[in-house]
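Worksheet for the structure shown next.
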Amino acid sequence: MIDSQRRRLLQLALASATLAAFPGLGLAAAGGLRMAAPLGLPQVILARALQDARLLKLIGESELRTWRDPDQLRAWIAGGEVQLTATPTNVAANLYNRGVPVVLLNVNVWGTLGILAHGVPLASLAELAGRHVGVPWRGDMPDLVLRYLLAREGLEVSRDLRITYQASPFETVQTFLAQRIDAAVLPEPVRTSARLQTASLGLTVAELDLQQEWARLTGAAPALPQAGTICRRELLEAHPEWVAAIQVAVAEAVAWVASNPAEAGQLGAQHSPLPAQVIEGAILRTRLEMRSAAQARTELEGFLGALAELSPGFIGGGLPDEGFYLVDGPAAAG
């Protein structure tokens, strides 16, 4: 009796150690997936995708968590605590370059950045000359996009304008509302939230879309490949049919969110503290389009390469190699 119990304990210990070393082996037995997303439109997209009846039948009930910052995401995805997540594209590239076994499945958010400015019209970045601009997350995407475009416009920070940095977009909004800065660089949905707050306070603000400025100053399309979906490689290897179904579900979710902003706002409010009105407004100011990783690669490499010129650490070194990108199959093409 004691020997049989001991053997059973040893078998359980061995099984646990095996699953810890190869998290993908436990996926089928566990049922469903552990997914994650940041607050905002990527979360709304994944929440809608998880409502897909075909996906539910194939993989079972899945969990959708919210990650607070890239450090938490890195811990979750590197440790196998989640198998799939929505993420900014630079964070995905950084994880891959640092040896985390992830694969980029798609890019579906193509521009959330804009500038709010007090008082005067803001027709182009040139009108930031002589002004004080607040920017969240020094060295991250809003900062690097702004500095890249300022250089294209011929403006030099410190000489032509002043930039101060805040630890989060929410802090940038509070600084802007207190009128301690002239302008604020903000991503959606925080930009919509700030715009609504300024209206309630009776403040007059101008708005400038940085995707349009990117197009004007670079000659490229007004689209920044900012966010998409990644999974751990062992998920792809163990269940390629799951990944193909996820691609289809995400593609349909992106189309639904873009076409139904009011309903999508209600769905988003169920998964976050953001009001439905804010999420709806953010959808109307964001370019949403599903492209597989292979389809988005050229634009993504151009975008990340441009920003990495200012800060190579932004993507953890050089551009990711072909192992980073999901190879399109018949269903993956979206």
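The values are calculated or read from the model by the stated rules, or taken from the named source; none is laboratory data. Everything numeric here is computed off the predicted structure, so don't read it as measured data. Because the Cβ atoms are built from the backbone with ideal geometry, glycine has one as well, and the counts that use them run over all protein chains shown. Heads up: the accessible areas ignore ligands, DNA and RNA and are worked out on the full protein's heavy atoms, side chains in. Shrake-Rupley method; radii C 1.70, N 1.55, O 1.52, S 1.80 Å.
Over every Cα atom in the stretch 245-334, the radius of gyration and the widest Cα-Cα span, Dmax, amount to 16.3, 40 Å. Structural size metrics of the stretch 43-87, computed from C-alpha coordinates, are Rg and Dmax of 11.6, 33 Å. Accessible surface calculations at 1.4 Å, restricted to protein heavy atoms, place the stretch 163-232 at 37 Å² per residue. Backbone geometry of the stretch 153-170 corresponds, through the Karplus equation with coefficients 6.51, -1.76 and 1.60 at θ = phi - 60°, to 3J(HN,Hα) couplings of 7, x, 9, 10, 4, 6, 6, 9, 7, 10, 10, 10, 10, 10, 6, 7, x, 5 Hz, x marking Gly and Pro. Every helix of 4 or more DSSP H residues in the chain counts as -39500 (n - 2.57), and over all residues that averages to -14500 deg cm²/dmol at 222 nm.
Shape analysis of the stretch 184-334 yields a ratio of the Cα radius of gyration to the Kirkwood radius, Rg/Rh, of 1.00. In order along the stretch 68-83, the phi-based Karplus estimate (6.51 cos²θ - 1.76 cosθ + 1.60, θ = phi - 60°) of 3J(HN,Hα) comes to 7, 7, x, 5, 5, 4, 4, 5, 5, 6, 5, x, x, 6, 10, 9 Hz; Gly and Pro are listed as x. For the chain, the convex hull spanned by the alpha carbon atoms encloses 145 Å³ per residue.
Dimensions of the stretch 115-206 based on its C-alpha atoms, expressed as ranges along the principal axes with the largest first, amount to 35, 26, 19 Å. Please go through the stretch 171-237 and write out the trypsin sites (Lys or Arg not before Pro) that DSSP classes as loop and that have at most 13 other C-beta atoms within 10 Å. Within the stretch 171-237, the qualifying trypsin sites (Lys or Arg not before Pro) (loop, at most 13 other Cβ atoms within 10 Å) are 180. From the alpha carbon centroid of the stretch 256-274 to that of the stretch 184-239 is 16 Å. Rolling a 1.4 angstrom probe over the stretch 38-95 with all protein chains present gives an accessible area of which 52% lies on carbon and sulfur atoms.
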